[in-house]
Amino acid sequence: VRLVESGGGLVQAGGSLNLSCVASGTTFSGNARGWYRQAPGEERDLVAVIGANGLQMYGEFVRDRFTVSGDEAKNIVYLEMNNLQPEDTAMYYCATGRRIHSIDVFGQGTQVTVSS
């Protein structure tokens, strides 16, 4: 199983970024998939995931700024991030698993840096 993220970068506060993740060796269809993030010295946090049943779950810090979506035909999951703030600076990881609470496969990550 391989998850490859793209779309990270440096953006000013208030800006936007769109992350993408392509899966190979597995299918997102019928599985939970989405995004986690980890800042230096911090634990990895759930950002946004889509459950196997299509239910979406977001971290409390998202506050309607981010949207997770997917293209099952292309085996891709997206994360649209708006109104980014410096505290959103972190490595963002694509992830998948059988269920939201059993996600156990992570990509290498893409860095998101938000300047003030």
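The values are calculated or read from the model by the stated rules, or taken from the named source; none is laboratory data. From a predicted model like this one, the values you see are computed outputs, not experimental measurements. Cβ sites come from the backbone with ideal geometry, for glycine too, and all protein chains shown count toward neighbours. Only protein heavy atoms, including side chains, enter the accessible area calculation; ligands, DNA and RNA are left aside. Shrake-Rupley method; radii C 1.70, N 1.55, O 1.52, S 1.80 Å.
As an exercise, identify the GluC sites (Glu not before Pro) in the stretch 1-79 lying in DSSP coil whose Cβ has no more than 14 other Cβ atoms within 10 Å.
Working: sites: E5, E42, E43, E60, E72; in loops: E42, E43, E72.
Sparse-neighbourhood loop GluC sites (Glu not before Pro): E42, E43, E72.
So what are the chain's ellipsoid semi-axes, whole angstrom, largest first, if each one is the square root of 5 times an eigenvalue of the alpha-carbon gyration tensor? List each step's numbers first, then the result.
On the way: eigenvalues 100, 36, 34 Å².
Ellipsoid half-lengths, sorted descending, are 22, 14, 13 Å.
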Item to complete: Could you work out the longest stretch of the chain that avoids the trypsin sites (Lys or Arg not before Pro) located in DSSP loops with at most 16 other Cβ atoms within 10 Å?
Response: 1-43
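Measuring with a 1.4 Å probe in the full set of protein chains, what accessible area per residue, in whole Å², belongs to the chain? Walk me through the intermediate numbers first.
Numbers: 6070 Å² over 116 residues.
Computed with neighbouring chains in place, this is 52 Å² per residue.
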Worksheet, complete the sentence: Counting only protein heavy atoms and leaving out ligands, DNA and RNA, the solvent-accessible surface of V11 at a 1.4 Å probe, in Å² to the nearest 10, equals 20
